[in-house]
Amino acid sequence: MDNLYLRSGIFLAPFHYHDENPTLSIERDLELLEHLDRLNYHEAWIGEHHSGGFELIACPEMFIAAAAQRTRHIRLGTGVVSLPYHNPFMLADRMVQLDHMTRGRAMFGVGPGALVHDALKIGIDPGEQRRMMDESFEVIVRLLKGGKTPMCPTARTGALSACSTSRRPAIRQERT
C-alpha cells in the first residue's frame, strides 16, 4: 500500500466565448496541457462538438497530436469521439496512428454524440445514435485487436467491405 498515489486528470471541454480569437483560444488550451504535464497530471480528455458555436475542437485527435508534441508524460484521450459521425475503419486507423504519434499516450473515449444539432446537421436521426455507436464500436474493437471485420452496415457510413488495419497500436508501459 506504500505505492498508492492520487492520479489527477482533466476534461478539457471545447467551450470558448464567442468573442474570443479561436487561434488564441486553442493556443491557450495547448498551453494549459503543457502546464498540466509539468504538474504531473496523469491524463487529459479532449471533447468533440460541432454545432454549438462556441466549441472549437471539432477533431480531438488533431488537437491531441499537437498537444503530444508539447508534452512528455500526460496521457491524452478523446473525450469523446462521437462514433456515429465517423467511418469506423477510418477512425480506427486514425487512432492507431495517433497512438504511435503520442508514443502510446493516446486514450480512446467514445460515445454516441451529445448534441442533437450535430446529428441533424449530418443527416443522422438522433434516435439511432446509440445503435450506430454500438455497431461502430464492435467494428473498431475488432480492428484494433488486429482482426478483420465482416460487412458492417450503418445508416451513416453505408456498408464497409471486409477490412483490417495495416498498423497495430503502440505498446505503452504504465508509468508508476
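Taking every pair of distinct Cα atoms and averaging 1/r, then inverting, what Kirkwood hydrodynamic radius in Å comes out for the range 1-94?
On the way: mean 1/r = 0.0699 Å⁻¹.
About 14.3 Å for the range 1-94.
Ranked by the mean number of other Cβ atoms within 10 Å of their residues, highest first, the peptides 84-90, 49-55 come out as 84-90, 49-55. Looking at the chain only, what percent of DSSP beta bridges run antiparallel? Nearest 5 please. Once the DSSP bridges in the chain are tallied, antiparallel ones form about 20 percent. If the chain linking residue 148 and residue 38 were pulled fully straight, counting 0.36 nm for each residue of separation and taking away their Cα-Cα distance, it would gain 35.6 nm.
How high is the relative contact order of the chain, in percent, with contacts defined as C-alpha pairs under 8 Å that are six or more residues apart? Present the calculation step by step, with values, prior to reporting the outcome.
Working: 289 pairs, mean separation 33.1, N = 176.
Result for the chain is 19 percent.
Here's the picture: charge each Lys and Arg Cβ at +1 and each Asp and Glu Cβ at -1 in the chain, and of 89, 6, 129 the one pushed furthest to the positive end of that dipole is 89. Out of these labelled values of mean projected area of the Cα convex hull in nm², [x] 9.7; [y] 11.4; [z] 19.8, which was calculated from the coordinates shown here? Evaluating mean projected area of the Cα convex hull in nm² on these atoms matches [y].
Kindly identify the range 49-141 as rounded, prolate or oblate by the Cα gyration tensor criterion: order the square roots of the eigenvalues as a ≥ b ≥ c, call it rounded if a/c is under 1.5, otherwise compare a/b with b/c, prolate if a/b is larger, else oblate. Taking the square roots of the gyration eigenvalues as a ≥ b ≥ c, the range 49-141 is oblate. Couplings 3J(HN,Hα) of the range 83-95, computed from phi: 4, x, 8, 10, 6, x, 5, 5, 5, 4, 5, 5, 5 Hz, in residue order, whole Hz [Karplus 6.51 cos²θ - 1.76 cosθ + 1.60, θ = phi - 60°; x for Gly and Pro].
The numbers here are math on the coordinates, done by the rules we state, and not lab data. Just so you know, these numbers come straight off a predicted model, no measurement behind them. No Cβ is skipped: glycine too gets one built from the backbone with ideal geometry, and neighbour counts run over all protein chains shown.
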